[in-house]
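As structure tokens, the structure follows; a few thoughts come after it.
The values are calculated or read from the model by the stated rules, or taken from the named source; none is laboratory data. Predicted model, so just to flag it, every value in this text is computed and none were measured. Note that we place each Cβ from the backbone using ideal geometry, even for glycine, and neighbour counts take in every protein chain shown. The area values use the complete protein model at the heavy-atom level, side chains included, leaving out ligands, DNA and RNA. Shrake-Rupley method; radii C 1.70, N 1.55, O 1.52, S 1.80 Å.
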Amino acid sequence: MLHPTVFGMVTTRKSEAYTHLAVRSFFQTTDLSAQDRFILIDNDNCWDRGRACYDVISPWRPYSFAENANEIIAIADSMRADVVFLNNDIYFTNGWSRGLEQQDGIVLPSCNQTHELEY
């Protein structure tokens with residue numbers, strides 16, 4: 001990606017087990033530049049901050065989907081960065097972001113079925 005990128009994800013107590021897998025696989029398969037940021041919104045204060053090597057935001061009350069997305073967008077806007085808002089229940093594989101790197105605009109949704117990738 002040409003610009004810095006803010007990757008945002010949200011977790012809740014009910015989805016915490018999935019989030020651990022998603023976060024781990026994200027960092028195992030994603031090449032981040034020094035300007036990129038990964039931000040996890042801990043939507044109901046269940047996340048163990050002790051293991052975080054990234055930014056964790058804990059709102060004073062659970063946010064709606066739109067509030068969570070707007071929080072990530074505001075941070076990215078302040079950095080003049082691109083935004084990738086991620087589900088917390090997916091397992092990232094090698095090359096997952098190549099399809100995004102080929103886009104010059106807003107892509108909703110995007111997945112490996114919409115892009116032909118060469119491995």
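Consider only pairs whose beta carbons are under 9 Å apart and that are at least six residues apart or on different chains; among these, list those whose first residue lies in the stretch 25-40 and is closer than 14 Å to Asp55 by Cα and whose second residue is open to solvent by 10 Å² or more (accessible area, probe 1.4 Å) and of a type in the set (Asp, Glu).
Arg37/Asp55; Phe38/Asp55; Ile39/Asp55; Ile39/Glu71; Leu40/Asp55
When you scan the stretch 80-92, do you find a residue that is loosely packed, with under 13 Cβ neighbours inside 10 Å, modelled with pLDDT of 80 or more and among the basic types (Lys, Arg), even just one?
Looking through the stretch 80-92, at least one residue is loosely packed, with under 13 Cβ neighbours inside 10 Å, modelled with pLDDT of 80 or more and among the basic types (Lys, Arg).
All but one of (1) open to solvent by less than 70 Å² (accessible area, probe 1.4 Å); (2) under 21 Å from Ser97 (Cβ atoms); (3) polar (S, T, N, Q) hold for Thr12; state the number of the condition that does not hold.
(2)
Is it true that Gly99 is part of a helix (DSSP H, G or I), surrounded by 10 or more Cβ atoms within 10 Å (Cβ to Cβ) and either modelled with pLDDT under 90 or among the polar types (S, T, N, Q) (or both)? Quick ask: steps written out before the conclusion?
Values: part of a helix (DSSP H, G or I): yes; surrounded by 10 or more Cβ atoms within 10 Å (Cβ to Cβ): yes; either modelled with pLDDT under 90 or among the polar types (S, T, N, Q) (or both): yes.
So Gly99 passes the test.
If the requirement is being of a type in the set (Asp, Glu), within 20 Å of Ile90 (Cα to Cα) and either part of a helix (DSSP H, G or I) or touching a helix residue (DSSP H, G or I) at 6+ places or on another chain (Cβ under 9 Å) (or both), which of these qualifies: Glu67, Glu16?
Glu16
List the number of the failed condition for Asp55; all other conditions in (1) out of contact with any helix residue (DSSP H, G or I) (no Cβ under 7 Å at 6 or more places or on another chain); (2) surrounded by 13 or more Cβ atoms within 10 Å (Cβ to Cβ); (3) touching a residue at least 24 places away in the same chain (Cβ under 8 Å) hold.
(3)
Across the stretch 56-92, what is the total count of residues that are aromatic (Phe, Trp, Tyr) and touching an Asp or Glu at 6+ places or on another chain (Cβ under 9 Å)?
1
Inspect the stretch 46-58 for any residue being in a loop (DSSP other than H, G, I, E, B), more than 24 Å from Ser97 (Cβ to Cβ) and of a type outside the set (Ser, Thr, Tyr) and give the result as yes or no.
Scanning the stretch 46-58 turns up at least one residue that is in a loop (DSSP other than H, G, I, E, B), more than 24 Å from Ser97 (Cβ to Cβ) and of a type outside the set (Ser, Thr, Tyr).
For Leu32, indicate whether it is in a helix (DSSP H, G or I) and either hydrophobic (A, V, I, L, M, F, W, C) or open to solvent by 20 Å² or more (accessible area, probe 1.4 Å) (or both).
The answer is no for Leu32.
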